[in-house]
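Notes follow once the structure below has been shown.
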Amino acid sequence: MRERTLWTLHLGAGGLVLVFLALHMAIMHLDLTGGPFGVAGAKAVDWASVAERAREAFFTVTYVALLGAALYHGLFGFRNILLELNPGAAARRAIDVGLSAIGLLLFLFGAWVTLAAPGAASAVGG
Amino acid sequence: MRSSAHPNRLGILGWVGGGSWGFERYMFALHRVTGLGLLAYFLLHIFVTSARALGPGAWDGAMALVSGPLFTVGEYLVFAAFAFHAVNGVRLALIEHGFVVGRPIEPVYPYATSVGRQRPLAVAVMVLAAAITVWGGVDFLTVR
């Protein structure tokens with residue numbers, strides 16, 4: 001039952017990643033495709049564009065959602081690969097605890113960056 | 001998932017040995033390789049882009065570290081990996097939920113398998129992923 005719930009979350013997270021990462025790719029890397037989403041007159045990775053996106057609630061929410069969904073989807077997929085190698089009970093426990101801790105720490109760090117970025121942008125008038 | 005009934009004796013070597021499973025087995029291997037590549041890139045990406053919390057100087061410094069043709073090609077490979085992993089992931093989810101595999105049938109000789117039913121979707125996935133990759137390549141590598 002627990003594994004089925006985790007797997008269902010894995011599929012759901014994959015769907016979220018599909019939508020948000022496609023949007024992220026289009027905005028950040030595809031000038032032709034993502035032009036309508038970009039900042040006019042500036043490249044997507046220029047500080048002015050980064051600062052403008054940092055101040056918009058839409059991007060803050062979607063960045064945190066993408067961060068959480070991608071971390072869960074990626075680390076759970078990695079866990080499945082490791083478990084297919086038939087680790088013992090202790091190793092399995094270490095995999096579960098280790099990957100959960102890594103995921104949680106990275107999520108907290110990434111979420112802090114996303115929430116702190118608007119302050120950095122405003123402080124320098126970006 | 002771990003199964004005590006059918007232990008995974010081949011380990012990672014099983015990824016490259018399609019055997020009688022055919023084409024879809026190699027798509028499985030590619031799905032895993034692209035997934036691991038995307039995960040590795042994503043973990044680094046979190047740290048590189050964290051510079052935006054420290055202001056424009058740190059951000060420009062971080063972007064200078066990851067600029068140049070080598071990184072552009074690397075980012076394009078990430079895009080191509082995402083294109084395949086995403087489209088193939090949708091295929092896997094459809095099949096897992098019973099779509100595109102046909103209705104259950106009586107096991108009458110000569111036995112039919114669902115592989116034949118799945119094959120057109122697998123081919124369509126490869127064509128769609130290739131089309132997205134080419135489109136992305138035109139956008140990524142020429143519009144700079």
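Please treat every number below as a calculation from the coordinates, not as lab data. Quick caveat, the model's predicted, so the values are computed rather than measured. Please note: Cβ atoms are built from the backbone with ideal geometry, for glycine as well, and neighbour counts cover all protein chains shown.
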What residue among A:GLY68, A:THR33, A:ASN86 has its Cα farthest toward the positive end of the dipole of region A:2-123, where the charges are +1 on Lys, Arg and -1 on Asp, Glu, each on the Cβ?
-> A:ASN86
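Which of the three applies to region B:21-142, rounded, prolate or oblate, going by the alpha-carbon gyration tensor with a ≥ b ≥ c and a/c under 1.5 meaning rounded?
Verdict is prolate for region B:21-142.
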So the FRET efficiency between B:ARG117 and A:LEU85, C-beta based with R0 = 35 Å and rounded to 0.05, is 0.65
Determine the distance separating the Cα centre of region A:1-30 from the Cα centre of region B:51-70; give it in Å without decimals.
-> 27 Å
Against the longest alpha carbon principal axis of chain A, how many degrees, from 0 to 90 and to the nearest 10, is the axis of helix A:57-83 turned?
-> 30 degrees
Treating the angle as unsigned and between 0 and 90°, give the value, to the nearest 10°, between the Cα long axis of helix A:89-123 and the longest Cα principal axis of chain A.
-> 10 degrees
Rounded to the nearest 0.05, what FRET efficiency is calculated for B:LEU10 and B:ALA131 with R0 set to 51 Å and r the Cβ-Cβ distance?
-> 0.95
Region B:21-142 - percent relative contact order, Cα under 8 Å, separation 6 or more = 31 percent
Between B:ARG25 and A:ILE102, how many nm apart are label points set 7 Å from Cα along the C-beta direction?
-> 2.9 nm
So what's the net charge close to A:GLY98: Lys and Arg +1, Asp and Glu -1, counting the other residues with Cβ under 15 Å from its Cβ?
-> +2
Given charges at beta-carbon only (K, R positive; D, E negative), |dipole| of the protein assembly as shown in Debye | 700 debye
Could you state the orientation-averaged shadow area of the convex hull built on the Cα atoms of region A:80-120, in nm² to one decimal?
-> 3.2 nm²
Per residue convex hull volume, Cα atoms of the protein assembly as shown, in Å³ | 156 Å³
GNM flexibility winner over chain B from B:MET27, B:MET126, B:MET63 (Cα, springs under 10 Å) | B:MET63
A:ILE95 and A:ALA116 label points (each 7 Å along its Cα→Cβ direction) are spaced in nm at 3.4 nm
Report, to the nearest 10°, how far helix A:2-28 tilts away from the longest principal axis of the Cα atoms in chain A, using its own Cα long axis and a range of 0 to 90°.
-> 20 degrees
